[in-house]
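Worksheet: the structure to be examined is printed underneath.
The values are calculated or read from the model by the stated rules, or taken from the named source; none is laboratory data. Computed from a predicted structure; not experimentally measured. Virtual Cβ from ideal backbone geometry, glycine too; neighbours counted across all protein chains shown. Only protein heavy atoms, including side chains, enter the accessible area calculation; ligands, DNA and RNA are left aside. Shrake-Rupley method; radii C 1.70, N 1.55, O 1.52, S 1.80 Å.
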Amino acid sequence: MGAQLQVCSTACSNKTQLNQQMMPDSTLTRVRVDDTDSAPSNESAGGGQDKKKQFKQLQTKTKVGFASEINLFLSPSAAQTNNNQSLERSMSFLKFTAQKSTRKFVRMNTDYNENCVVQSAAAGELESWVQTSTIELGKSGVLDKNQNLQFCEFGCATGGDSVGILQAIIDGLDDAAFAAGDSDRDSKRVVSACMNDLPLNNWEVTSSTLEPIFSPRIRFTYSKQCMYERAIVETPGVMHIGVSTLAQHWLRKGVPSKLPADAIWGNQLPLGDAQRLLWEQAAQRDWTRFLELRAKEFCPGGFLLLHIQSSRLDGSLSETAAETLAQAKAELVKEGSLTDSEAAALAMPEYAKSPAEILDVLRTPEMTKLWLLKDMRFMALPCPYAEAEADSNSSAERIAMVEEAVAQLRSFMNASLISKIGKSKTDLFFQRVQQIAGSDTSRIALSVSIVFLRLQRRA
């Protein structure tokens with residue numbers, strides 16, 4: 001096997017312990033899809049040691065900002081068999097972080113790139129599928145030798161999670177070129193990448209995150225519209241690969257109903273509850289609409305890869321942070337700090353579909369004509385903050401971890417809550433969350449459930 005290297009950006013005062021606990025053993029490595037016989041070694045490719053030296057230099061330079069650091073995850077075999085391609089991918093991520101660390105983000109909060117520990121922990125799984133799918137496109141003839149690869153990311157936010165995905169596409173193209181013995185041509189193949197998100201996304205951050213790393217090899221366009229309204233790509237049937245990460249739990253039309261004082265997500269309502277049913281139905285309509293629109297955009301044989309925040313099989317949320325957030329809301333309502341109308345508005349426009357609910361739509365007769373399920377994986381990510389606490393004897397360090405977890409929550413919750421209850425009440429709410437958690441990271445654990453899907457467009 002080639003090098004197996006994973007990188008992730010974190011912002012935690014107890015960085016070393018946090019990063020050792022961040023990913024389960026099964027996802028610590030990225031396995032290259034070419035085999036040893038066809039893959040160039042460091043020695044044959046040349047410059048291996050120089051790449052490593054540059055990598056270390058970049059790693060040092062990025063230690064700026066609020067305890068921001070890049071961390072490496074190397075398996076024992078990877079430590080012995082690093083190759084240039086994985087180092088290139090990691091160096092691209094490091095360059096991205098060096099740029100973003102000095103930027104003052106002001107609005108997903110635009111500090112989302114700096115608070116994506118949990119998201120990054122799952123990114124390697126999707127990236128390996130992206131690389132595999134890119135190679136399959138060439139082998140199957142879906143991607144013609146003279147074509148540019150057409151890519152779209154649905155819900156790209158500010159680009160932090162896009163870096164590894166885009167590098168995986170480039171690696172896949174170069175792997176395929178090497179296997180075909182025609183690296184000079186295919187290593188220069190251009191990728192047309194359409195980055196999609198809502199108009200209010202901070203597009204300046206998105207472009208400044210991605211273009212310095214990948215241009216001109218990747219030509220970027222930006223689609224500033226809702227992914228559920230209409231097709232993102234004007235020409236039907238041209239898309240080769242599409243990706244969506246942590247976007248499919250957001251509800252297109254916002255909160256379907258008011259919630260009681262002890263709930264912030266529809267998943268926190270009892271199964272069978274009439275109000276919960278409204279949330280379930282809204283999520284299923286959006287999921288169906290998303291798949292129908294993407295089917296218009298993709299060519300036969302094209303791949304759609306999804307990283308979906310989900311619930312447990314019974315529909316409940318796996319992250320204990322959700323319970324603490326609901327408790328904070330209930331306490332503020334009880335003591336009169338939140339009015340009844342504010343309490344009703346304090347809700348997130350998200351519904352985490354269970355694996356069964358995700359598959360219910362895919363197995364309908366209409367969808368089975370459009371999409372073939374190629375791969376699926378369900379997992380609950382271990383919370384990096386809660387697991388690091390076991391290695392910490394310092395109350396101050398544990399409190400700092402809780403603060404970081406709250407910053408993670410605020411990076412995606414602030415915009416929704418401030419628009420409903422205002423900044424001062426939103427600040428009060430998160431202060432109470434932090435007060436409840438104290439130094440106990442288990443109260444704020446972000447052990448998110450994830451469903452990975454690899455779908456292929458049927459002919």
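Some observations on this one:
- Filter pass, residue 232 being under 24 Å from residue 286 (Cα atoms) and of a type in the set (A, V, I, L, M): yes
- Among the residues of region 289-316, those that are touching a helix residue (DSSP H, G or I) at 6+ places or on another chain (Cβ under 9 Å) and aliphatic (A, V, I, L, M) comprise 291, 295, 304, 305, 306, 308, 313.
- Residue within region 346-355 that is open to solvent by 30 Å² or more (accessible area, probe 1.4 Å), touching a Leu at 6+ places or on another chain (Cβ under 9 Å) and either at pLDDT below 95 or of a type outside the set (D, E, K, R) (or both) present: no
- Hey, residue 410 within 23 Å of the chain's Cα centre (by Cα), modelled with pLDDT of 85 or more, of a type outside the set (A, V, I, L, M, F, W, C) and within 23 Å of residue 317 (Cα to Cα) or not: yes
- Given (1) of a type outside the set (D, E, K, R); (2) at pLDDT 95 or above; (3) touching a His at 6+ places or on another chain (Cβ under 9 Å), index of the condition residue 209 fails: (3)
- Failed condition for residue 208, given (1) over 20 Å from residue 306 (Cα atoms); (2) surrounded by fewer than 14 Cβ atoms within 10 Å (Cβ to Cβ): (2)
- Boolean, residue 128 is open to solvent by less than 50 Å² (accessible area, probe 1.4 Å), modelled with pLDDT of 90 or more, polar (S, T, N, Q) and more than 18 Å from residue 247 (Cα to Cα): yes
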